[in-house]
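Below you'll find the structure, written out as structure tokens, and then a few comments.
The values are calculated or read from the model by the stated rules, or taken from the named source; none is laboratory data. Owing to the predicted nature of the structure, the values given are computational and were not obtained by experimental measurement. All Cβ positions, glycine included, derive from the backbone under ideal geometry; neighbour counts span all protein chains shown.
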Amino acid sequence: MHPKIRLGCASLHLLALIMLSSSFAMAAERIIIATPSRGLFEFPVVVAMRKGYFKDEGIEVDKVQMQPALGVKALISGDVDYLLAWGSALRAAVTGVPLKAVAGFASRPLHVLVARPEIKTPKDLKGKIIGVDSVAGTVDYLSRVAIRHFGMEPEKDVKIIVTGESPTRLLALRAGSIDATPIDVAFAVKAEDEGFKRLIYLGDIIELPLSGMAVMDTKLQRHREQVKRVVRASVRGTRFMKQNRSETVQMLSNYLRITPAQSATAYDTSINSFTDDGIISDKGIHLDVQLTKERLKMTKEVPLSQLVDWSLVKEVKADGQSKDALK
């Protein structure tokens, strides 16, 4: 074959590959997932992004960080498509905002209440300052649960202030501007290595769901197939975490900038708090609702169907079982 003809064929082949690649990129749906902070609670989505599970579903993800209350507003306005702020999303749903949790990641808190070294016992917290990420957020709730567990009353016996996400609260703890904070277990392990005091692992005292994904009802109705693909990728991320300790520990270490040893401790402490199938128990949700109603002084009963929709994770599970049966 003439060299020019060979070159022309090669050029046409390259052009075809470029066009194929471009057409795939154009076909991929771009979504925005909002998360309140960096931490272990969001790691199923992080794993799914890094392992290419969303790309397998034809989805490109932009993950953005914003405070929980702002995340709910952005979800309502359509500025973001999915929200990982479980507590704030559920509380919004309790008050009537038309959104649903469609996947659950962690069924128990992944937080440790850590304090400055001079606080030797929980009783030493009296009169001290506790830092949280936002007003009425999940970390705020966990602070109050811990204080009551120790026989004290929030607001009366301690002062609770907003100081930002987990890394920022850790900085505030180091600086002495706060005395204690419920912090993501991965950061808590790092704090303990620096000499800070572990007072309690919140997952040991309360079955309060911590992590999951919420969407607006309208999106669930109009773009159900997309939501299902996002749910499937996220559940795959959770499953990978639970089945691949070594690689997950390394990813967690890189993502949160902690040592491999700290990452391993965080993993071993918390991995059993993650769900196997993307579903949070009714008991855990009822507790979350009860806490919300107490905070908002509500008496009206709230049906679970107003808050969660597990139909997609059940479909994903059934699809997986069908594929396994065909092998």
| request: State whether the residues of the range 24-31 include one that is farther than 30 Å from ARG108 by Cα and either modelled with pLDDT of 90 or more or β-branched (Val, Ile, Thr) (or both). | output: yes
| Failed criterion for LYS300 (all others in (1) farther than 19 Å from PRO109 by Cβ; (2) out of contact with any Leu (no Cβ under 9 Å at 6 or more places or on another chain); (3) modelled with pLDDT of 95 or more hold) | (3)
| query | Just a yes or no: is a residue in the range 36-59 touching a residue at least 24 places away in the same chain (Cβ under 8 Å), surrounded by 24 or more Cβ atoms within 10 Å (Cβ to Cβ) and part of a strand (DSSP E or B)? | reply | no
| task | Go through the range 99-120 and count every residue that is among the small types (Gly, Ala, Ser), closer than 15 Å to GLY212 by Cβ and not in a loop (DSSP other than H, G, I, E, B). | result | 4
| Which residues, taken from the range 81-132, are in contact with a Phe, Trp or Tyr (Cβ under 7 Å, 6 or more places away or on another chain), charged (D, E, K, R) and outside the structural domain of LYS197 (by TED's automatic domain parsing)? | none
| Single condition LEU40 does not satisfy, out of (1) under 21 Å from ASP309 (Cα atoms); (2) touching a strand residue (DSSP E or B) at 6+ places or on another chain (Cβ under 8 Å); (3) modelled with pLDDT under 95 | (1)
| said: surrounded by fewer than 24 Cβ atoms within 10 Å (Cβ to Cβ), modelled with pLDDT of 90 or more and within 30 Å of LEU312 (Cβ to Cβ): is that true of LYS73 in this structure? | reply: yes
| request: Return the total of residues in the range 239-268 being assigned to a helix (DSSP H, G or I) and either surrounded by 14 or more Cβ atoms within 10 Å (Cβ to Cβ) or under 15 Å from the mean Cα position of the chain (by Cα) (or both). | output: 19
| said: Can you find a residue that is out of contact with any Lys or Arg (no Cβ under 9 Å at 6 or more places or on another chain) and closer than 21 Å to PRO68 by Cα anywhere in the range 188-211? | reply: yes
| query | What residue, of ALA186, ALA191, ALA180, ALA175, is over 27 Å from GLY104 (Cα atoms), small (Gly, Ala, Ser) and modelled with pLDDT under 95? | reply | ALA191
| Inside the range 145-208, counting only strands (runs of 3 or more DSSP E) that do not spill past its ends, which hold 3 or more residues that are in the same structural domain as ASP133 (by TED's automatic domain parsing) and buried (at least 17 other Cβ atoms within 10 Å of the Cβ)? | 180-184, 197-201
| query | Could you say which residue among LEU125, LEU84, LEU110 is under 20 Å from VAL139 (Cβ atoms), modelled with pLDDT of 95 or more, buried (at least 24 other Cβ atoms within 10 Å of the Cβ) and not β-branched (Val, Ile, Thr)? | reply | LEU84
| said: I'd like to know if the range 238-247 contains one or more residues that are touching a Lys or Arg at 6+ places or on another chain (Cβ under 7 Å) and assigned by TED's automatic domain parsing to the domain that holds SER311. | reply: yes
